[in-house]
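Just below is one structure, and these are the notes that go with it.
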Amino acid sequence: MDYFLLKQDERYTDVPMFLDVRKKIDTRDIHRVRAHKIADPLILQIKSEAESSFLDILEYPLFLLSDKLKRLVEAYEPDTLFKLTPLIDLSRHLQKNYYLPIFDEVEVVSTHAEFHRGNSQIKKLVLKEENMHGKKIFRIKESEKPLIVVRLDVAESILRRDLTGIRLERVPVE
């Protein structure tokens, strides 16, 4: 079975800029056992321009999904937790609703994967299929930064929809 990293398309450079995210959320809480510590809704201030692109995935500083993509994720992984995350640009009187997904975390990094110094960031990802247990969407537990993996059927479903700013990157599996 093929798997892909779900990412924001970096060709979109004019995306909203987040303000004071660290004051609103401790990223260590973005896990199932600590999710109750995250405000719901999690209201975040942004700065945007008239030309800013509100993509279906915003990856930095938090991994956020649009409503359209949230509904697709729910269809494949109904147990995923979501925190409503309104993005508010006060200067432009604008609000866009996103969702902070809290995916199951799975230890799937193969011994053939390569890490940067200190083993905190993955340089070359290789997945170990036996640990995936048929999961369709999950977060890689061994990574500090959110790395979200989707199975081929989910990737195909994403590509069939009119979604903006999404990149799928095939990941080797052993």
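The values are calculated or read from the model by the stated rules, or taken from the named source; none is laboratory data. These numbers were taken from a predicted model, which means no experiment stands behind them. Cβ sites come from the backbone with ideal geometry, for glycine too, and all protein chains shown count toward neighbours.
Structure data summary
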read-out: Selection count, the stretch 107-146, where residues are in contact with a Lys or Arg (Cβ under 9 Å, 6 or more places away or on another chain), surrounded by 14 or more Cβ atoms within 10 Å (Cβ to Cβ) and modelled with pLDDT under 95; value: 9
read-out: Residue that is nearest to Val150 (Cα to Cα), among those in the stretch 1-38 that are among the basic types (Lys, Arg) and assigned to a loop (DSSP other than H, G, I, E, B); value: Arg32
read-out: Hits in the stretch 40-60 (condition: part of a loop (DSSP other than H, G, I, E, B), under 18 Å from the mean Cα position of the chain (by Cα) and either surrounded by 15 or more Cβ atoms within 10 Å (Cβ to Cβ) or at pLDDT below 95 (or both)); value: Asp40, Leu42, Ser53, Phe54, Leu55, Asp56, Glu59, Tyr60
read-out: Filter result for Ile88 (out of contact with any helix residue (DSSP H, G or I) (no Cβ under 8 Å at 6 or more places or on another chain) and β-branched (Val, Ile, Thr)); value: yes
read-out: Enumeration of residues in the stretch 19-61 that are basic (Lys, Arg) and either farther than 26 Å from Leu168 by Cβ or free of Cβ contacts under 8 Å to residues at least 40 places away in the same chain (or both); value: Arg22, Lys23, Lys24, Arg28, Arg34, Lys37, Lys47
read-out: Hey, Glu74 in a helix (DSSP H, G or I), over 16 Å from the mean Cα position of the chain (by Cα) and either modelled with pLDDT of 95 or more or more than 26 Å from Leu19 (Cα to Cα) (or both) or not; value: no
read-out: Selection count where residues are within 29 Å of Ser52 (Cβ to Cβ), in a helix (DSSP H, G or I) and touching a residue at least 24 places away in the same chain (Cβ under 8 Å), scope the stretch 135-174; value: 4
